[in-house]
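Visitor: Dropping the structure in here first, questions after.
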Amino acid sequence: MEATQTLVKPIQLPSDQDSSGRTLGEAELKLLAEAINSGTLTSTKGNFVKALENQFAEMLGVKYAYACSSGSGAIHTAIAAIDPEPGDEIITTSITDMGALTPILYQGAIPVFADVDPTTWNVTAESIKACLSDRTKAIIVTHLFGNPCNMTEIVELAASRNIPIIEDCAQSFLAEHNGKKVGAIGSIGCFSLQQGKHITTGEGGIVTTNDDAFARRMFLFINKAWGYGDPQPDHYFLALNGRMCELQGAVAVAQLSKLTEIVQSRQVAAEKLTAKLQGLDGIVTPTIDSRNTHVYWKYCLSVDSQKIADGAVGLAKNLKAKGIFSAPRYIQKPAFMCEIFQKQRTFGNSRFPFTLARPEAVDYATDRFTGTYSGLEAVLVLPWNERYTDEHINYIAEAILEAVEQLKK
Ligand SMILES: *Cc1c(COP(=O)(O)O)cnc(C)c1O
């Protein structure tokens, strides 16, 4: 059925793509002016990026945090710290941002995709276990949409094989599993400060660790592997300039002071929406393990196409007519279906490092990814924001209730 008429009156929702849904303001401007007036814009000499790193490490309760140029750069730095041999395997997830995947290939390693739990869209100890081999060098978990993976079981599995875990926390600032903040549970945590994350500097990233040796390599990798402060510094290994500059550092310090409030505000709003949608036939509100706190980068519904005409796609269309722009299927297709993996387009025509891969490691057969396909088919990603008021929540809830009524089979 087409949503030709709608009772809810569309209102403009705050957006994380402009000032309506961002927390950028006086505090950022003040520190930015300080940075500019200081005349020192490089973090190798300035104080803002160092302050950000110190405050971030303290917030997470880890020994080390290093800022870098992006979330992709943070993942790249983490992998470089682990230093895989060409052809080593790194287990990752089939539903994530491409920036979490391409760094694996840049470091000569093979991404091995684990399936996900279709109710949380996260990898599990079980799906990771199915991907382990004697060439597994690391595991990357993405805490998708702000909802942590079940880390107790994943840490147990990884520890039993002595494999480091990289946590991709780009969407999950301050999320917790069992009272521990993500980014401080595995061996290395990676964060993004891109425009659409909880806090932003436009582009930017942060890596965290408690491990002295990983920390040393991460610092070096961000700095062209130049041994700043060493008695006889040299460029020790292959690395680029991945630094954050002081302009971003100044904005980041101001943004970081707002993070707790941003997260709480998103949580309160999400809980209100969940209460309003409780028991609605055909949709499932976020599934959260009792040990987890969800920080709602996005608010995702699981839509049952047996009950809702055209499932998540149908619901998205209907909501669009009501002025709500949601994303059915999130990344559209599993990450391994992108050309980079399907055609193995890497360095010239070499296909390196795929040339070194075990056939099983690059077997993307549909039946190995049942959770991924069913999860992507059902997911509807609603934009989420710390500026949502009760009026916004009521509007979203009414729109969904009306849409479900119009679309029910
Ligand atoms: C945004 C994001 C990244 C990449 O971060 P950029 O700053 O855009 O490079 C990586 N992983 C996940 C899960 C993300 O959401």
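The values are calculated or read from the model by the stated rules, or taken from the named source; none is laboratory data. Remember, predicted model here, so these are calculated numbers, not experimental data. Positions of Cβ are backbone-derived with ideal geometry, glycine not excepted, and every protein chain shown enters the neighbour counts.
Visitor: Looking at region 37-47 only, could you name the residues that are over 19 Å from residue 69 (Cα atoms) and either touching a residue at least 60 places away in the same chain (Cβ under 8 Å) or hydroxyl-bearing (Ser, Thr, Tyr) (or both)?
Guide: Once the filter is applied, which keeps residues that are over 19 Å from residue 69 (Cα atoms) and either touching a residue at least 60 places away in the same chain (Cβ under 8 Å) or hydroxyl-bearing (Ser, Thr, Tyr) (or both), region 37-47 yields only 38.
Visitor: Being assigned to a helix (DSSP H, G or I), surrounded by fewer than 16 Cβ atoms within 10 Å (Cβ to Cβ) and either in contact (Cβ under 8 Å) with a residue 40 or more places away in the chain or aromatic (Phe, Trp, Tyr) (or both) narrows it down to one of 377, 360, so name that one.
Guide: Sole residue among the options that is assigned to a helix (DSSP H, G or I), surrounded by fewer than 16 Cβ atoms within 10 Å (Cβ to Cβ) and either in contact (Cβ under 8 Å) with a residue 40 or more places away in the chain or aromatic (Phe, Trp, Tyr) (or both): 360.
Visitor: Filter region 90-114 for residues that are part of a loop (DSSP other than H, G, I, E, B) and near the ligand (Cβ under 10 Å from one of its atoms) and give the result.
Guide: 95, 96, 97, 101
Visitor: Taking only region 167-190 into account, find how many residues are within 9 Å of the ligand (Cβ to nearest atom) and among the hydroxyl-bearing types (Ser, Thr, Tyr).
Guide: So the count comes out to 1.
Visitor: Something else: Let me spell it out: the conditions are (1) within 16 Å of the ligand (Cβ to nearest atom); (2) free of Cβ contacts under 8 Å to residues at least 24 places away in the same chain; (3) of a type in the set (Lys, Arg), and residue 22 meets all of them except one. Which number is the exception?
Guide: (2)
Visitor: Determine the pairs where a residue that is under 22 Å from residue 195 (Cα atoms), located within region 57-72, has a partner that is at pLDDT below 95 and not in a helix (DSSP H, G or I) with Cβ atoms under 8 Å apart, the partner being 6 or more residues away or on another chain.
Guide: So the pair list comes out empty.
Visitor: Return only the number of the condition from (1) surrounded by 20 or more Cβ atoms within 10 Å (Cβ to Cβ); (2) closer than 21 Å to residue 303 by Cβ that residue 370 does not satisfy.
Guide: All conditions are met except number (1).
Visitor: Could you check region 393-409 and list, in sequence order, the residues that are surrounded by fewer than 18 Cβ atoms within 10 Å (Cβ to Cβ) and either under 29 Å from the mean Cα position of the chain (by Cα) or not in a strand (DSSP E or B) (or both)?
Guide: Within region 393-409, 394, 398, 401, 405, 409 qualify.
Visitor: Would you check if there is a residue in region 222-240 being within 12 Å of the ligand (Cβ to nearest atom) and buried (at least 16 other Cβ atoms within 10 Å of the Cβ)?
Guide: There is no residue in region 222-240 that is within 12 Å of the ligand (Cβ to nearest atom) and buried (at least 16 other Cβ atoms within 10 Å of the Cβ).
Visitor: Does at least one position in region 128-146 carry a residue that is of a type outside the set (D, E, K, R), in a loop (DSSP other than H, G, I, E, B), under 25 Å from residue 198 (Cβ atoms) and touching a Leu at 6+ places or on another chain (Cβ under 9 Å)?
Guide: No: region 128-146 contains no residue that is of a type outside the set (D, E, K, R), in a loop (DSSP other than H, G, I, E, B), under 25 Å from residue 198 (Cβ atoms) and touching a Leu at 6+ places or on another chain (Cβ under 9 Å).
Visitor: Using the structure shown, decide if residue 119 is surrounded by fewer than 20 Cβ atoms within 10 Å (Cβ to Cβ) and touching a helix residue (DSSP H, G or I) at 6+ places or on another chain (Cβ under 8 Å).
Guide: Answer is yes for this residue.
Visitor: Please determine, by comparing only the residues of region 205-221 that are over 18 Å from residue 52 (Cβ atoms) and of a type outside the set (A, V, I, L, M, F, W, C), which one is surrounded by the fewest Cβ atoms within 10 Å (Cβ to Cβ).
Guide: Top of the filtered list is 212.
Visitor: Select from region 334-357 the residues that are farther than 19 Å from residue 129 by Cα, in a helix (DSSP H, G or I) and not small (Gly, Ala, Ser) and list them in ascending order.
Guide: Answer for region 334-357, where residues must be farther than 19 Å from residue 129 by Cα, in a helix (DSSP H, G or I) and not small (Gly, Ala, Ser): 337, 339, 340, 341, 342, 343, 344, 354, 355, 356.
Visitor: Further question on the same structure: Could you tell me whether residue 49 is within 17 Å of residue 205 (Cβ to Cβ), part of a loop (DSSP other than H, G, I, E, B) and not hydroxyl-bearing (Ser, Thr, Tyr)?
Guide: Here the answer is no, as residue 49 does not meet what is asked.
Visitor: I'm trying to understand the selection: among the residues of region 43-89, which are within 14 Å of the ligand (Cβ to nearest atom) and crowded, with 24+ Cβ neighbours inside 10 Å?
Guide: Listed by number, the residues that qualify are 67, 68, 71, 72, 73, 74, 75, 76, 77, 78, 79.
Visitor: Within region 191-204, how many residues turn out to be within 10 Å of the chain's Cα centre (by Cα) and either surrounded by fewer than 21 Cβ atoms within 10 Å (Cβ to Cβ) or more than 7 Å from the ligand (Cβ to nearest atom) (or both)?
Guide: Qualifying residue count, region 191-204: 1.
Visitor: While we're here: Could we say that residue 284 is within 20 Å of the chain's Cα centre (by Cα), more than 21 Å from residue 92 (Cα to Cα) and at pLDDT 95 or above here?
Guide: No, not satisfied.
Visitor: While we're looking at this one, here's another question. Given the structure, is residue 263 within 22 Å of residue 13 (Cα to Cα) and touching a His at 6+ places or on another chain (Cβ under 7 Å)?
Guide: Considered against the rule, which asks whether it is within 22 Å of residue 13 (Cα to Cα) and touching a His at 6+ places or on another chain (Cβ under 7 Å), residue 263 comes out as yes.
Visitor: Continuing with this model, one more query. Would you confirm whether any residue within region 245-260 is within 12 Å of the ligand (Cβ to nearest atom) and either polar (S, T, N, Q) or out of contact with any Leu (no Cβ under 6 Å at 6 or more places or on another chain) (or both)?
Guide: Yes: region 245-260 contains one or more residues that are within 12 Å of the ligand (Cβ to nearest atom) and either polar (S, T, N, Q) or out of contact with any Leu (no Cβ under 6 Å at 6 or more places or on another chain) (or both).
Visitor: Can you tell me which residue within region 115-145, out of those that are within 24 Å of residue 351 (Cβ to Cβ) and touching a Lys or Arg at 6+ places or on another chain (Cβ under 8 Å), is nearest to the ligand (Cβ to nearest atom)?
Guide: The residue in question is 136.
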